Amino acid sequence: MRLLITRPAEDASELADRLQTLGHETMIEPMLTIAPVPFSLPQGPIAAIVLTSRHGARMIAGEVTRHLADIQVYCVGKATAEAARIAGFKNVMDGGGNAAALTAAVSGALDGDKGVVLHVRGRHSRGAFAGKLPRQGFDAREVMVYVAVAAPELSPGARTAITAHALDGIVFLSPRTAQIFAGLANDAGLTAALAGLDAYCLSDAVAAPLAGLAMNNVIAGQPSLSELLDLLEH
């Protein structure tokens, strides 16, 4: 199949390589560009760091990991945990892709008197992880380290591929990516050309913003990249 990948460029390149090993052709059309923003860490002891995206891990690699390499880091899933280890953190826990389980793991393992639990996130990250822990006696704070900037329009290459019906499917891994794509497709007058095209989605939440495009949503059985790759393999 020929698949359009909508992830940010660095993640899209990795996914393209994996899809190509499965025999698919790929075209990359990032809906988001990840850009760093200035940040500072709170004063005083830090008990743990929580990462809910691998972009956060990448953005704090370097100075932060040099000083806090041994701190306990809780990651929402396997990809984020891998990014945290690459960034230089030594004590990394994979939360299995479940934010609720991650919250339970943090609250069950830490002492609320040992310092701040720091949620490193992007400006548009979903959920409010740091808002849940104070109710359990933790000093939890958020530090925004990046912003995901939306693409202003679809590229000429993507528009041509869609209007020429040269694609077999489009891959979506986040609700915001799907929402941006839907808006840009509508702006470009591509709704009719997209009707019936397969949209390979990580979850129901990812598929929801595509409802107005009348695409054929194919949803992974579990919200994980490995599940979506299994779907594309078969």
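Placing unit charges on each Cβ (+1 for Lys and Arg, -1 for Asp and Glu) gives the chain a dipole about its Cα centre, and among His234, Leu118, Gln179 the Cα reaching farthest toward its positive end belongs to Leu118. DSSP beta bridges fully contained in the chain are about 15 percent antiparallel.
Rolling a 1.4 Å probe across the protein heavy atoms gives the range 187-227 an accessible surface of 46 Å² per residue. So, counting K/R as plus one and D/E as minus one, what does the shell of residues with Cβ under 13 Å around Gln20 add up to? Every neighbour counted, the sum reads -2.
Descending by average beta-carbon neighbour count within 10 Å, the peptides 75-87, 157-169 line up as 75-87, 157-169, the highest first.
Would you mind pulling out the separation of the Cα centroids of the range 206-234 and the range 41-116, in Å? Result: 28 Å between the Cα centres. Roll a 1.4 angstrom probe over the protein heavy atoms and tell me the percent of accessible area of the range 168-234 that is carbon or sulfur. The nonpolar share, carbon plus sulfur, comes to 49 percent. Note: the range 160-234, Cα convex hull, 78 Å³ per residue. Comparing Ser224, Ser174, Ser155 in a Gaussian network model of the chain where C-alpha atoms under 10 Å apart are linked, the largest mean-square fluctuation is found at Ser155.
The value of relative contact order for the chain, using C-alpha pairs under 8 Å at least six residues apart, is 19 percent. So what's the projected area for the chain, the Cα convex hull averaged over all directions, in nm²? Mean projected area of the Cα convex hull: 12.8 nm².
The values are calculated or read from the model by the stated rules, or taken from the named source; none is laboratory data. Small disclaimer: the values here were computed from a predicted structure and weren't measured. Because the Cβ atoms are built from the backbone with ideal geometry, glycine has one as well, and the counts that use them run over all protein chains shown. Areas reflect the complete protein model, heavy atoms only, side chains present, ligands, DNA and RNA absent. Shrake-Rupley method; radii C 1.70, N 1.55, O 1.52, S 1.80 Å.
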